[in-house]
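Here the structure comes first, spelled out in structure tokens, and everything after it is commentary.
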Number of protein chains: 2
Amino acid sequence: MNTRKPTMADVARQAGVSLKTVSRVVNQEPHVRATLQQRVHAAISALGYRRNEAAARLARGATMLTLGLVMENISNEFYSRLAAAVEAASAEHEALVVFGSYEESADKERMLIESMYARGVDSLIVVPSAADHGWLAEHPGLTTVFVDRVPLGLAAADVVLLDDVWGGRTATEHLLARGHRRIALISDDHGLSSVHDRATGYRTALAAAGVPADEELVVRGVFEPGRVSREVTRLLDLPSPPTAFFATNNRAAIGILQALRERPERPAYVSFDDFALADVFSPGVTVVRYDVSRLARSAVDLLLNPSPAPRRIKVPVELVARGSGEVPPP
Amino acid sequence: MNTRKPTMADVARQAGVSLKTVSRVVNQEPHVRATLQQRVHAAISALGYRRNEAAARLARGATMLTLGLVMENISNEFYSRLAAAVEAASAEHEALVVFGSYEESADKERMLIESMYARGVDSLIVVPSAADHGWLAEHPGLTTVFVDRVPLGLAAADVVLLDDVWGGRTATEHLLARGHRRIALISDDHGLSSVHDRATGYRTALAAAGVPADEELVVRGVFEPGRVSREVTRLLDLPSPPTAFFATNNRAAIGILQALRERPERPAYVSFDDFALADVFSPGVTVVRYDVSRLARSAVDLLLNPSPAPRRIKVPVELVARGSGEVPPP
């Protein structure tokens, strides 16, 4: 993945022919006009094109070049950015991407994966639900890389994660450094390793600062912005309310923004996950950000280079201060 | 599409077996245990499941059940919502969806389509670029439905559109009714039929109100929010600036929001396309909204029910007042 190799698409462009024609020539299929064959061979020489693993598979059977991407919901910005990045990384290997959303249903997740497998997709990138994934061991023909979360019930799996503990800790330390002591945690299901690890980072930062963790300020298991908004309102109405929030994902940040629209308080907040409009609000939203392309490329790389030993990659994250995380306590 | 028919996935759930097992039983493949066969047949009877067209194709060859979705960029919210809706509509027919983004490159759009076709995807939903699509006639085996925009260079094509002229006219009338007379148009490439039609609606409303169109207030060919933001700033600095804006898509609305963050003026604005955070800003963003599921379902319906005569479906739109479109002129 270091330097971009010329692809079949580059050859098609250079030769001024369709991708299908290049594929036919490369695979030595009959009925290609001699002039077209010459143009394709000239382009192959000019570009130094070499059939790669993906192209070799294309010659053996079309569906093998299709990756499956299984996610919670593509209309959530985290997933749409991930999908765009997986598609771009796959295109570099001339692979297509089939995608599917399981919403919050582990049953649907399993059906999606089995349905993809039944139709010849044997390479999968999965953002796993919180359910047990031991059943995947029944499908030894499936090559699966997990992204963002560690799957439960699989002893050996390739996983690409964000540095969630570090991100949670850094976000909380950022708020502590501005003088906040009552910092609420707004979090999704702790059965998801990403959420669990971000919460661990939050607790680690509090402990290191000698600030006792107050369970009254910890909200778990909420991901829908409307519910987050109600929880934030409830917390702000406490006798001793939080002066700051750490949101473990972009959906929680949206819920905080919705709640604050109706409130006089101006608490500080930091969110895990960047989002398109984060810098348009006043103040801008301080976030823990990462390179989603790196997440996607790492996953595609692992898929295309299988190994008997399970691998775990950790993608770094960084804090981007935009205003909302720098508000002092009242 | 009126009442949901039981799917193979429903049968699998009812029988407590994998989708693959149901598929094997339905397609009378060998090596399925008798007890499993009985459970599947019992579930089929209980649910009244009947093999549909899609399932029948599954029996003939796996890849035929995969739809291709070709879009500009899935990380743009319009496309991610459309992709989610196409996926949901396809799942009802037990079809998988392959997707691809062509950014702004008509070359890449063509390569994507040819690449999908070369791998057995023969049913495509395309949001076409502004380039000529006459070359698609070379692929008579491809069943294509276009969404959101009319493709150029194809005399006969199935197309699902929004009611763009009505939406553009209604948005502009809404601003005129609040007393605005200097209304700017912020628009993408007019070679796209959707943009062209929304602009036509804008001009029609101005003409009907006897307000002369001022070309100084018309911005064309911008879609990147940063560029929109600079254009809005330039317009607000005119000797006779606009007091209101009509943005022809969500990206333009984001550019307006970015520009206004730095400005003292509070012009009115209405945007075509709803977006997740539109109601979180103060004031909320007044938008022209539509049911993206209806757009997607119509496209999938046309794909699965081919007809020799080209069809055109128009999905209605509505104006949702949230505050930004109701600001009076200064």
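The values are calculated or read from the model by the stated rules, or taken from the named source; none is laboratory data. Quantities reported herein were computed from a predicted structural model and do not represent experimental measurements. Here the Cβ is made from the backbone with ideal geometry for all residues, glycine too, and neighbour counts use every protein chain on show. Ligands, DNA and RNA are stripped out before the accessible areas are found, and what is left, the full protein with its side chains, is counted by its heavy atoms. Shrake-Rupley method; radii C 1.70, N 1.55, O 1.52, S 1.80 Å.
Averaged across A:72-78, how many Cβ atoms of other chains sit within 10 Å of each residue's Cβ atom?
5
Using only helices, what value at 222 nm comes out for chain B when you add -39,500 (n - 2.57) per DSSP H run of length 4 or more and divide by the total residues, to the nearest 500 deg cm²/dmol?
After summing the helix terms and dividing by the residues of chain B, the value is -12500 deg cm²/dmol.
Largest first, how would B:T21, A:T233 line up by accessible area (1.4 Å probe)?
So, going from the largest accessible area down, we get A:T233, B:T21.
Once amide H atoms are built 1.01 Å from N in the peptide plane, which residues 5 or more positions from A:V150, or in another chain, come under 5 Å H to H?
Hits under the 5 Å cutoff: A:S193, A:S194.
Compute the separation of the alpha-carbon centres of the range A:238-288 and the range B:284-312 and state it in Å as a whole number.
Answer, in whole Å: 36.
For B:S45 and B:A208 in one chain, what is 0.36 nm times their gap in residues minus the Cα-Cα distance, to one decimal in nm?
Net length gain for the segment: 52.6 nm.
Pop the C-beta distance of B:A309 and B:A106 into the FRET formula with R0 = 22 Å and round what comes out to the nearest 0.05.
0.20
Compute, for A:D10, the solvent-accessible surface of its heavy atoms (probe 1.4 Å) with the complete set of protein chains present, and express it in square angstrom to the nearest 10.
40 Å²
Before we go on, tell me the buried accessible area for the B/A pair, both chains summed, 1.4 Å probe, in Å² to the nearest 100.
Chains B and A together bury approximately 4300 Å².
For B:F246, tell me the accessible area in Å² from a 1.4 Å probe, rounded to the nearest 10.
0 Å²
Of B:S129, B:L235, B:T144, whose Cα points farthest to the positive end of the dipole of the protein assembly as shown (charges on the beta-carbon: +1 Lys, Arg; -1 Asp, Glu; origin at the Cα centre)?
About the Cα centre, the residue reaching furthest to the positive side is B:T144.
If you roll a 1.4 Å probe over the heavy atoms of the protein chains, what accessible area per residue do you get for the range B:64-157, in Å²?
About 28 Å² of surface per residue is accessible.
Put a label point 7 Å from Cα along the Cβ direction on A:E138, then list its distances to the equivalent points in the other copies in nm, shortest first.
With the label placed 7 Å along Cα→Cβ, A:E138 yields 4.6 nm.
At a probe radius of 1.4 Å, what is the per-residue accessible area of A:V300, in Å² to the nearest 10?
Spelled out: A:V300, probe radius 1.4 Å, area about 0 Å².
Of all the C-alpha pairs in chain A, what % are more than 24 Å from each other?
59 percent
Given label points at 7 Å from Cα along Cα→Cβ, what nm distances, shortest first, separate A:A209 from the same residue in every other copy?
Copy-to-copy label distances at A:A209, shortest first: 5.1 nm.
Can you give me the % of accessible surface on the protein assembly as shown that is carbon or sulfur? Probe 1.4 Å, all protein chains present, nothing else counted.
Carbon and sulfur atoms account for 50 percent of the accessible area of the protein assembly as shown.
Mind listing the label-point distances from A:P283 to the same position on all other copies, shortest first, one decimal in nm, points 7 Å along Cα→Cβ?
2.8
Can you list the HN-Hα couplings for the range A:215-227, worked out from phi with the Karplus curve (6.51, -1.76, 1.60; θ = phi - 60°), rounded to whole Hz and with x for Gly and Pro?
For the range A:215-227, the Karplus-derived couplings read 4, 4, 9, 9, 10, 10, x, 10, 9, 7, x, x, 6 Hz, x marking Gly and Pro.
Please quote Rg/Rh for the range B:64-157 to two decimal places, taking the Kirkwood radius as Rh and restricting both calculations to Cα atoms.
Value, to two decimals: 0.93.
Report, by chain and number, residues whose modeled amide H sits under 5 Å from the one on A:V317, excluding near sequence neighbours (fewer than 5 apart, same chain).
When sequence neighbours closer than 5 places are left aside, the close amide H contacts are A:D163.
Probe radius 1.4 Å, ligands and nucleic acids left out: which of B:T7, B:T204 has the largest accessible area, and how do the rest follow?
B:T204, B:T7
Please work out how many pairs of lysine residues in the protein assembly as shown are eight or more positions apart (or on different chains) and have Cα atoms closer than 27 angstrom.
8
Skipping prolines and chain starts, which residues have an amide H placed within reach, meaning under 5 Å, of the one on A:G325, given they are 5 or more residues away or on another chain?
Correct list: A:Y269, A:T286.
Report the closest approach of any chain B C-beta to the axis of the B-to-A rotation: residue and distance, in whole angstrom.
Looking at chain B's Cβ atoms against the axis toward A, the nearest is B:S80, 2.
Using only the heavy atoms of the protein chains and a 1.4 Å probe, how would B:E215, B:E114, B:E72 rank by accessible area, largest first?
The ranking, largest first, comes out as B:E215, B:E72, B:E114.
With label points built 7 Å along Cα→Cβ from the Cα atoms of B:A156 and A:A156, find their separation and express it in nm.
Spacing of the two 7 Å Cα→Cβ label points: 5.7 nm.
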